[in-house]
Amino acid sequence: MKTAFLESGMVDPAFPIRLLMNGPSFDFGYHWHEEVELVLVENGKAPIGINHQIYEMEEGDLLVIRPGDIHCFLPGSGSVYIVQFKFSALEGSLAEAEDLRALKGLFSASRIVRLSEVLPARVRIRRAIRAMLEEDRARRPGYRWAIKARLLELAVRLLRLPATAAGPHPGCLPWTKKLEVLEKVFRYIEEHYHENIRLVDAAEAVKFNKYYLCKCFKETTGMTFLDYLNNYRIMRAEWALLHTRDPILQIAVRHGFNNLNTFNRVFKKCKGCTPSDFRKKHSLEGR
């Protein structure tokens, strides 16, 4: 995957809904953003890439792209309708907590919805999106209310779709790709563990989206990036405690810890004792 850029500033914070219609041969490189994106294929085919996989979308297919997912539109795409919005656009004083949870669940994973299998819903969803586009184009008084009303209608239509309409979830990387990315991150940690590095630094180094890397790291290793980094630092610090007479503060700083208190706390969490107790115990055992 080529380097993906963050698409920001495209949605008005006061009205976080953006509507687009793109014609044949639409082509847009790898990018990601903080908004939910709905893509409806109006006609033809639309090859769309999400997180290392390419999905051949067909007329009537709807793609839900969650915030943070890296995606692109490949050359040769047919006409597509695009609705981008922040979840806050669906919230309001009349929204019930249960409804909001259902909506968050709806947009929590990228997935393909095969509207061709539910023709009545396909007609209504297409009509709602086209009405939003028309309101945005004409911008008559009250058009923002009308767009938000149509967006809420669209969300309800999607919530009520039968489970059979939901296709594969494009948000999952193949296992081999996950290992390939993580191998680069592990190498980065080995080379820079003594520095003040963060998840965002590792993501930039391996040319990967930080939100997806966070999820991928947790799913694959069972640890957060910070937990893994600290465990690696402690493992390297153990050797220094056992094989040198360097002051513990010096060892802490040399292994990426800003102060002795943090080093003591993390070391005790990992090893069950303080660095000084660890050094004393093993020096006595070696006698």
Output the number of residues of region 42-76 satisfying the condition of being crowded, with 17+ Cβ neighbours inside 10 Å and among the basic types (Lys, Arg).
-> 1
Which condition breaks for Tyr232 when tested against (1) surrounded by 18 or more Cβ atoms within 10 Å (Cβ to Cβ); (2) in a helix (DSSP H, G or I); (3) in contact with a Phe, Trp or Tyr (Cβ under 7 Å, 6 or more places away or on another chain)?
-> (1)
Picking from Pro120, Pro141, which residue would you name as being over 28 Å from the mean Cα position of the chain (by Cα), of a type outside the set (A, V, I, L, M, F, W, C) and assigned to a loop (DSSP other than H, G, I, E, B)?
-> Pro141
Scanning for something within 20 Å of Ser79 (Cα to Cα), of a type in the set (A, V, I, L, M, F, W, C) and either in contact (Cβ under 8 Å) with a residue 12 or more places away in the chain or crowded, with 17+ Cβ neighbours inside 10 Å (or both), does region 133-146 turn up at least one residue?
-> yes
Which strands (runs of 3 or more DSSP E) sit wholly inside region 35-84 and have at least 2 residues that are in contact with a helix residue (DSSP H, G or I) (Cβ under 8 Å, 6 or more places away or on another chain), modelled with pLDDT of 85 or more and of a type outside the set (Val, Ile, Thr)?
-> 36-41, 61-65
One residue from Ile189, Ile147 being in a helix (DSSP H, G or I), of a type in the set (A, V, I, L, M, F, W, C), touching a strand residue (DSSP E or B) at 6+ places or on another chain (Cβ under 7 Å) and modelled with pLDDT of 90 or more = Ile147
Does Arg101 meet the test of being modelled with pLDDT of 80 or more, in a helix (DSSP H, G or I) and not aliphatic (A, V, I, L, M)?
-> no
Select from region 260-274 the residues that are within 12 Å of Asn230 (Cβ to Cβ) and of a type outside the set (S, T, N, Q) and list them in ascending order.
-> Phe263, Arg265, Val266, Phe267, Lys268, Lys269, Cys270, Lys271
Inspect region 228-244 for any residue being within 30 Å of His31 (Cα to Cα) and in contact (Cβ under 8 Å) with a residue 24 or more places away in the chain and give the result as yes or no.
-> yes
Those residues that are surrounded by 14 or more Cβ atoms within 10 Å (Cβ to Cβ) and of a type in the set (Ser, Thr, Tyr), I need them from region 262-285; list them, please.
-> Thr274
Applying the selection to region 157-168, what residues are part of a helix (DSSP H, G or I) and surrounded by 16 or more Cβ atoms within 10 Å (Cβ to Cβ)?
-> Arg157, Leu158, Ala165
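The values are calculated or read from the model by the stated rules, or taken from the named source; none is laboratory data. Please read all numbers here as calculations on a predicted model, not as lab measurements. Here the Cβ is made from the backbone with ideal geometry for all residues, glycine too, and neighbour counts use every protein chain on show.
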